[in-house]
Structure formats: C-alpha cells, structure tokens
Amino acid sequence: MTRNNEPPHLVCARFHQAVELIGGRWTGAIIQTLLQGKTRYALIKAAIPDITDRMLSERLRSLESEELLTRKVVPESPVRVEYELTDKGRSLESSLTEIGAWAERWIPLEDDGEIKPSASESRVRKTS
C-alpha cells in the first residue's frame, strides 16, 4: 500500500525496460566510458576493472542491437574496430550524471577505492 493506503500504480513498461537495459551488469560503465568519445575495445576493457572479454563482447553486441552504439571496422592493417555511442546512447548522459551524483552521496567506498558489496550481496556471499 502507498502512503494514502491506495494500491501502487503499475510500473510503466517502458520505464521497466529502460531500467533493465541500462541497469544490466557492466552496461552503465560501458556507456559511461563511451560518453568520453569513440574508442576501441581494448581501451573500454582497460577502463572497466574486472570485466571479462566475454561479458564486454556480450554487452557491446547488446548495446549495438539496441542502437545505443555503433561498431565501425576500420580497414587498416591490422584491422581496427571502434565503438561510438549513437544519439540515442548519448542521450543517456544526463541520466547517468544524476545516477553518479546519487552514488557519490549514498554509495560508500572501501579505503582502497573498491565498492563495498551491498547488504543483499553480502548475505548471498555468506550463504554461498
């Protein structure tokens, strides 16, 4: 029940799809990296600690299929592949800036700069 004791409204399907899309593991970090400009796979991977090649490849393909980024093969020797956000992808910048500001205020860091696991992640680790 909500504060006025009425049942909550249904979650908007578009909102839900958007949150699932950008809230996927590593996706926000990839978009944040690409907001800095066109770049290559190796540089994206270097900018995001702990992401695996498989996960980065999957996320890049997913973002490309959602038309948030483009993949351009530059026919040089050796061949170079560049990734760049589309207008649709760049339009997420203000939203990600707001999420970043929220994170600065509410997400604590360990002394070494690593993100602390959330309470739910801690419970999962302890029971695993």
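The values are calculated or read from the model by the stated rules, or taken from the named source; none is laboratory data. Since the structure is predicted, the reported quantities are computational estimates derived from the model, not experimental observations. No Cβ is skipped: glycine too gets one built from the backbone with ideal geometry, and neighbour counts run over all protein chains shown. With ligands, DNA and RNA removed, areas are computed over all heavy atoms of the protein, side chains included. Shrake-Rupley method; radii C 1.70, N 1.55, O 1.52, S 1.80 Å.
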For this session: Could you check how many residues of region 57-94 are closer than 17 Å to residue 37 by Cα and not β-branched (Val, Ile, Thr)?
Result: 21
Problem set entry | residue 33, sole failed condition from (1) modelled with pLDDT of 95 or more; (2) over 20 Å from residue 97 (Cβ atoms) | (2)
Exercise. Does residue 39 satisfy the condition of being open to solvent by 70 Å² or more (accessible area, probe 1.4 Å) and at pLDDT 95 or above?
Worked result: no
For this session: Write out, first by first residue and then by second, each pair whose Cβ atoms fall under 6 Å of each other, whose residues are 6+ apart or on separate chains, and whose first residue, in region 77-88, is within 19 Å of residue 57 (Cβ to Cβ) and in contact (Cβ under 8 Å) with a residue 40 or more places away in the chain while the second is of a type in the set (S, T, N, Q) and surrounded by 12 or more Cβ atoms within 10 Å (Cβ to Cβ).
Result: 84/70
For this session: Please work out which residue is nearest to residue 60 (Cα to Cα), limiting yourself to region 1-36 and to residues that are open to solvent by 70 Å² or more (accessible area, probe 1.4 Å) and among the polar types (S, T, N, Q).
Result: 32
Problem set entry | Selection count, region 42-79, where residues are modelled with pLDDT of 95 or more, among the small types (Gly, Ala, Ser) and open to solvent by 70 Å² or more (accessible area, probe 1.4 Å) | 2
